[in-house]
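This report refers to the structure that appears directly beneath it.
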Amino acid sequence: MLFSSIPFLFYFLPTVLILYFLAPKAAKNAVLLVASLFFYAYGEPVYVLLMLGAIIVGYVGGILIERFVGRDAKKMERSSASKVVLICAIALCLGMLGFFKYANFFVSNFAMMTGVPVQILDIALPIGISFYTFQIISYLIDVYRGSVPAQRNFIHLATYVALFAQLIAGPIVRYKDVASELKDRKSTWDGVLEGSRRFIIGLSKKILIANVLGELVDIFRNSTGETVLFYWIYALVFSLHLYFDFSGYSDMAIGIGRIFGFHFPENFNYPYISASVTEFWRRWHMTLGSWFRDYVYIPLGGNRVGKARWFVNILIVWMLTGFWHGADWNYILWGLLFAILLVIEKAGLLRVLEKVRFAGHIYVIFVVFVSFVIFNASGIEGMLSDFGGMFGMAGLPIINDETLYYVRSYTVVIGMALVGATPLPKFIAMKLRNGLIVFGGNKSGELVWSFFETVVIAALLLMCTAFLIDGSFNPFLYFRF
Amino acid sequence: MRVRIQVITIALLFFGLALFAWIKPADAVSDSELRKLAQFPEISMDGILSGEFARQFDDYAVDQFPLREKFRSIKALTYTYVYGQLDNNGIYLQDGYAVKMEYPYDESSVNYAVDRINYIYDRYLADSQTKCYVSIIPDKNYYLASGHWALSMDYGKMIDDVRIGVKNCRYIDITDTLTIEDYYHTDTHWDQSSITGVAEKLAGEMGTPLDDDYEIHEVTEPFYGVYYGQAALPIEPDKMKYLTLPCFDKVIVNDLQNGKVIPIYDEGKMKTRSPYDLFLGGSLSLITIENEEALTDKELIVFRDSYASSLMPLLISGYKKITIVDIRYLPSERVGNFVEFSDQDVLFIYSTSVLNHSSPLK
């Protein structure tokens, strides 16, 4: 089920909210779990069993790890038995992910390299598998490290993994971040308002901007009248599309979580205002970046190793980051591109960029455009074709009537997206609120602001509903990662 | 208290819409889009396990949402006047007309249509005494695209491709007899009361005299054309008019598809989802119009699309019999079972829209 769909917004969500707030405290997690399983099973019923299997692996694995760790966990002494359980549990989780997400990649590459004809497997990628697998792995490792006690209440752990708010497209929530809230949390009026506001803003980012930009991406992909300018507009629009799509989803997830009393981690912090790739990755998909840092990069030795090994560590982490996003070579290349740029920045470029921030912004925008063209390409061949078009090597005209038409038609929404990708709207809203308070006094100013805010939220909800009713298919990009 | 009021206000709107969606009875059709609306899907274990139930429920929830038309208008207005989009769902407004942006030119589609026409010629006309003509009806985008910066297919190439491709039929250019004022504002079709010049041009080129003693009749019901619903923008409905001649009292229209006699004009169709069916019963595969009081003894066979439904009554004064064939519904191979080709005039007349999407031609 999609957040940005009528069934979710006006059938599923209201039902869950009513049941949740009517349920006694002890039953709230059970309500969320049942709702989440229904949410997951709605479109792909069979794969809910796979997710339940992964949860059972995490649940049993966590308890066994804790049992074998020994009592002196704080001294970081781990028994080999606990390590074996950890490795087995992670292997099982990664095995499921590997089979459903990467089997065909390996099979087809094996066939290509050896010439042996191999049947491609007829398997669909279960939605959200990359996200919930990483959540379970982080839980197991944290239990092994002694950062958190194993969760003995199956419903609590299952709710953590399967919670529909963040189940299928993140943010990747660490168990330790919500462990206490799984047991005891409170929904407040302030929290519900904050969550509702955040949810509607995320919904608007997805429906009113990302989906409209997505139309232009589709138009470009189906066009027979490409030009060099159209390729660059595509690169710009896809970059914005991806940001609004994914950050919109994260906002919705964080907002729903807040309504239920959870505090999920932030996932985006205006990445396109970055002046270096290093900064970009501190602002883009933050929960994934920190996951790889804590569970892959640091265990590999991080930067506390020789230069050669450090370089290899970075390559491994970013190759895996790319591969996590998709089972194709262009995703791996996408990750490696960032690895190389990060190494270059750490080698000295970062110091230069910090002094000339304007140049840094231009550099980041160029890198982002190029990287997301790689990201969205159909394999290596498609990537080369796209670059040929962008850099004038495909014999295309610079501009034509079709490109001009779509530039004119989408100028406003692209402008809205460009401004919306910066902190400017938030800054203006804060200024407006402060101005109202200064002008009308604390109480009256807040009252006017509340009225204004409520009207805007209501208008956005109605507009999103209108767009959904008139639109049709609008999947989230990150569902399949 | 302020926060509580905010939460309650938002909740009232949200749950109010949800409740409305749950209790609203399902509608059968969308009059503005001229289509059936999805209904609540049948519940079955197979449907649930395959995900088919969910897909059908998604369609149902969107199709049956309360105030659907109002919401569609909100979206269309936002797209047009806030986002500054030049079209909404491929439809744009220019000079009060809702116009479909016909683009790009699909050469393979036009070639397919040309092949179909040549096939019919080779199979039925080549060895007969018939005289063959071909003509193209421009769509509204032909006249308005340049004023809107809209994309427009290469109409000149289409005309050339048909004129050159259909070697054995004489091309009759009717573009000079039409202006945008001759079309409905909300529909793809032309207004019958404005195309007497087209009829005269075609008849003249085929050497047939016509009676021009027309009487104009105006239908009382407003006409909401196909683009009205698709555009979802506030446009005034059209007034539908039709023309009659004194000879129409003696004219007999045979619907050979259903084996019955039908009226030339049926105002009852105005209340259906397809008001343009007022003219000659709408989408029928095979019709004959017989006129004992025709100005000549000539017969005409027309291969056509829906535009011809309003055009043919204007030609009947000159022909003793007109046979109207729609090969979207009657395959070309079977036409010979119903129509005898001897010394008639044969006219292939298609709109640019159908030629550019010609796969339904059989």
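Rounded to the nearest 5, what % of DSSP beta bridges with both residues in the protein assembly as shown are antiparallel?
Antiparallel bridges: around 55 percent, rounded to the nearest 5.
For the stretch A:325-357 versus the stretch B:347-362, the inter-centroid distance based on Cα atoms is 54 Å.
Short-range pairs are left out: with C-alpha atoms under 8 Å and at least six residues apart, the relative contact order of the stretch B:104-356 is 24 percent. Annotation: the residues B:Thr244, A:Thr114, B:Thr352, A:Thr188, sorted from fewest to most other C-beta atoms within 10 Å of their own C-beta, follow the order A:Thr114, A:Thr188, B:Thr244, B:Thr352. Checking every one of the trypsin sites (Lys or Arg not before Pro) in the stretch A:7-96 against DSSP loop status and a limit of 14 other Cβ atoms within 10 Å picks out A:Arg71.
For B:Phe303, nonlocal amide neighbours, meaning residues 5 or more places apart or on other chains whose placed amide H falls under 5 Å from its own, are B:Val325, B:Leu347, B:Phe348, B:Ile349.
For the stretch B:44-56, 3J(HN,Hα) computed residue by residue from phi via the Karplus equation (6.51, -1.76, 1.60; θ = phi - 60°) reads 8, 5, 4, x, 5, 5, 7, x, 5, 4, 4, 4, 5 Hz, glycine and proline entered as x.
Computed from backbone phi, the HN-Hα couplings of the stretch A:126-142 come to x, 5, x, 4, 5, 6, 6, 4, 5, 5, 5, 4, 4, 5, 4, 5, 5 Hz, rounded to whole numbers (Karplus: 6.51 cos²θ - 1.76 cosθ + 1.60, θ = phi - 60°; Gly and Pro given as x). Shielding of peptide B:140-149 by partners, expressed as the average count of other chain Cβ atoms within 10 Å per residue Cβ, is 1. Would you compute, from DSSP H runs of 4+ residues alone, the mean residue ellipticity of the protein assembly as shown at 222 nm, taking -39500 (n - 2.57) per run and dividing by the full residue count, rounded to the nearest 500? Only helices count here, giving -16500 deg cm²/dmol.
Where does each of B:Thr78, A:Thr411 land when they are ranked from fewest to most other beta-carbon atoms within 10 angstrom?
A:Thr411, B:Thr78
Summarising the strand pairing of chain B, around 55 percent of its internal DSSP beta bridges are antiparallel. Normalising the average separation of contacting C-alpha pairs (under 8 angstrom, six or more residues apart) by the number of residues puts the relative contact order of the stretch A:6-185 at 29 percent.
Among the trypsin sites (Lys or Arg not before Pro) in the stretch A:185-272, those located in a DSSP loop and surrounded by at most 11 other Cβ atoms within 10 Å of their own Cβ are A:Lys186. Restricting the stretch B:290-330 to chymotrypsin sites (Phe, Trp or Tyr not before Pro) that sit in a DSSP loop and have at most 11 other Cβ atoms within 10 Å of their own Cβ leaves nothing.
Inter-chain neighbour count for A:458-471: the average number of beta-carbon atoms from partner chains within 10 Å of each residue's beta-carbon is 6.
Remark: mean inter-chain Cβ contacts per residue of B:82-89 equal 5, using a 10 Å Cβ-Cβ cutoff to other protein chain atoms.
As a proxy for reagent exposure, ranking A:Leu350, B:Leu314, A:Leu22 by other Cβ atoms within 10 Å from fewest up yields A:Leu22, A:Leu350, B:Leu314.
By the Cβ-Cβ criterion of under 4.7 Å, the unpaired cysteines of chain B are B:Cys247.
Taking a Cβ cut-off of under 12 Å around A:Pro425, the surrounding Lys, Arg, Asp and Glu residues balance to a net charge of +3, with basic ones at +1 and acidic ones at -1. For the stretch B:2-94, relative contact order (Cα pairs under 8 Å, six or more residues apart, normalised by length) works out to 20 percent.
3J(HN,Hα) couplings calculated from phi for the stretch B:220-235 with the Karplus curve 6.51 cos²θ - 1.76 cosθ + 1.60 (θ = phi - 60°) are, in sequence order, 6, 5, x, 9, 9, x, 4, 7, 4, x, 5, 6, 6, 10, x, 10 Hz; Gly and Pro show x.
Distant-in-sequence amide contacts of B:Leu284, defined by a placed amide H-H separation under 5 Å and a gap of 5 or more residues or a different chain, comprise nothing.
Bear in mind these aren't lab numbers, they're just calculated from the coordinates by the rules spelled out. Being a predicted model, the structure only gives us computed values, none of them experimental. Positions of Cβ are generated from backbone atoms using ideal geometry, with glycine treated the same way; all protein chains shown enter the neighbour counts.
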